[in-house]
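The values are calculated or read from the model by the stated rules, or taken from the named source; none is laboratory data. No experiment lies behind these values; they were computed from the predicted model shown. Using ideal geometry, Cβ is built from the backbone for each residue, glycine included, and neighbour counts are taken over all protein chains shown. Heads up: the accessible areas ignore ligands, DNA and RNA and are worked out on the full protein's heavy atoms, side chains in. Shrake-Rupley method; radii C 1.70, N 1.55, O 1.52, S 1.80 Å.
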Amino acid sequence: MFIRSQPALFRFSLAIVLIFSQFFVKTSPVAAQDAGAPYWHVRSIDTGEFGVAQPLGLAFSPLSNNFLVLGANGEITAISRDKEPAGSVRLSATVQDPLNVAFDSFSNSLFLLDRGRSELARIHASPQGVPLPAAPARLNTRAFGLQDARGLTFDPNSGRLFILDAQGGEILLLNPNAASGFDGPVHRLHLPMQADGQLRGIAFNPQ
């Protein structure tokens, strides 16, 4: 998935790999593309129609099938796959880098990693996947040894958290703790590549 902007028009386009396109066959037309195309363009949504003139980031709630669009004004706006509004809320936590925002369907929560404060904020969501306006729970991440977090994602089946440390060239794996968050041992997966801190973004494939 990616976000692109045009003069006076901001749109985000959903790029779905061909193997997942069957989920959208009944609800949207799919134009034929060359077999060598890297993705199938399923649909585009003009976020300006939902009051988000300048989208900064995107997350997805599998439980409600809603896209969560982060706006420049600090609001999260939920939009269904059928282009219907599903609510919005102004975040009480600061988002420094949209790459460090992810939705965890295991706990039905939105997580935001604040590198400056070394905090991981957890915001519970409604059944529609919209973050609730309550104050977020915060977890100090200094003990994780993160140098430059540039992406986080979750295993939806277990709630395991994966954080990309671009500077360290590692992926940190943390298991959830129902009582206090992610306070167990940190497992590290070293990436066998010379990225020089240029790695950006991470995603989890449950298959």
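Overview of values
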| quantity | calculated |
| --- | --- |
| Cβ pairs under 7 Å, 6+ apart, first in the stretch 150-179 and without any contact (Cβ under 8 Å) to a residue 12 or more places away in the chain, second among the charged types (D, E, K, R) | N177/D183 |
| Within the stretch 121-156, tally of residues that are closer than 17 Å to A59 by Cβ, among the polar types (S, T, N, Q) and open to solvent by 30 Å² or more (accessible area, probe 1.4 Å) | 1 |
| Set S118, S92, S28, S21: member being surrounded by fewer than 17 Cβ atoms within 10 Å (Cβ to Cβ), in contact with a Phe, Trp or Tyr (Cβ under 7 Å, 6 or more places away or on another chain), modelled with pLDDT under 85 and not aromatic (F, W, Y) | S21 |
| Test: residue in the stretch 97-113 that is over 16 Å from the mean Cα position of the chain (by Cα) and either open to solvent by less than 50 Å² (accessible area, probe 1.4 Å) or closer than 30 Å to H190 by Cα (or both) | no |
| Lone unmet requirement of (1) open to solvent by less than 30 Å² (accessible area, probe 1.4 Å); (2) at pLDDT 85 or above; (3) in contact with a Phe, Trp or Tyr (Cβ under 7 Å, 6 or more places away or on another chain) for G48 | (1) |
| Residue identified as within 20 Å of T153 (Cα to Cα) and either open to solvent by less than 70 Å² (accessible area, probe 1.4 Å) or in contact (Cβ under 8 Å) with a residue 60 or more places away in the chain (or both) among A59, A86 | A59 |
| Odd one out for D165, checked against (1) crowded, with 20+ Cβ neighbours inside 10 Å; (2) under 28 Å from N65 (Cβ atoms); (3) not hydroxyl-bearing (S, T, Y) | (2) |
| Qualifying strands (runs of 3 or more DSSP E) (wholly inside the stretch 42-134; at least 1 residues being more than 18 Å from I163 (Cα to Cα)) | 55-61, 66-71, 75-80, 85-90, 119-124 |
